[in-house]
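Colleague: Below is the structure I would like to discuss, written out as structure tokens.
Readers should treat all values here as calculations from the given coordinates under stated rules, not as data from a laboratory. No experiment lies behind these values; they were computed from the predicted model shown. Note: ideal-geometry Cβ built from the backbone for every residue, glycine included; neighbour counts use all protein chains shown.
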Amino acid sequence: MTISRLIQMNFINNTSAALSYYLPANQPVHGIGPEVTNTKLGPQGSSANTSTVSSNWNNALAPGPEGAYQWNLDASNAFMVSYEHPAGNGETWVKVICPPGYVCSSPNTGPNGVNTFTDPSLEQHEASITITFSPV
């Protein structure tokens, strides 16, 4: 039996720096992808300051999409993103570790930022969340 288990992570870059997508060689842990619509996330005010990263899993017996990637700010700083969208009863979450001087937020968390997102929009079969990177 094939059942899709999709998670979409939408990003908005409200910083003054361009960010570059990076997927470590050992990723994803489970699932297909991730696929990214824009590997260069332009700075705030640019026409390319948004991107969507999505991962899927088409096996009903599998644990669901799980993995990690990052948005590089420079050679030594990055927004580290990890996610899990389990099949079954587990909670879906997206975690972002921001570099010093930056916060991450979603429409449900407000501008102060959090590290682990468990928004209601993630508790769907096809989960989706929008996360904004901003300076402190």
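Colleague: Could you point to the residue in VAL103, PRO120, ASN38 farthest towards the positive end of the chain's charge dipole, with +1 and -1 charges on the Cβ of Lys/Arg and Asp/Glu respectively?
Modeller: Result: ASN38.
Colleague: About its Cα centre, how strong a charge dipole does the chain have in debye, to the nearest 20, once Lys and Arg get +1 and Asp and Glu get -1 at the Cβ? Don't skip to the end; give the middle numbers.
Modeller: Numbers: 3 positive and 8 negative charges, 46 e Å.
Around 220 debye, computed over the chain.
Colleague: For region 35-40, in order, what is each residue's ³J(HN,Hα) by Karplus, 6.51 cos²θ - 1.76 cosθ + 1.60 with θ = phi - 60°, in whole Hz (x at glycine and Pro)?
Modeller: 9, 10, 7, 8, 7, 10
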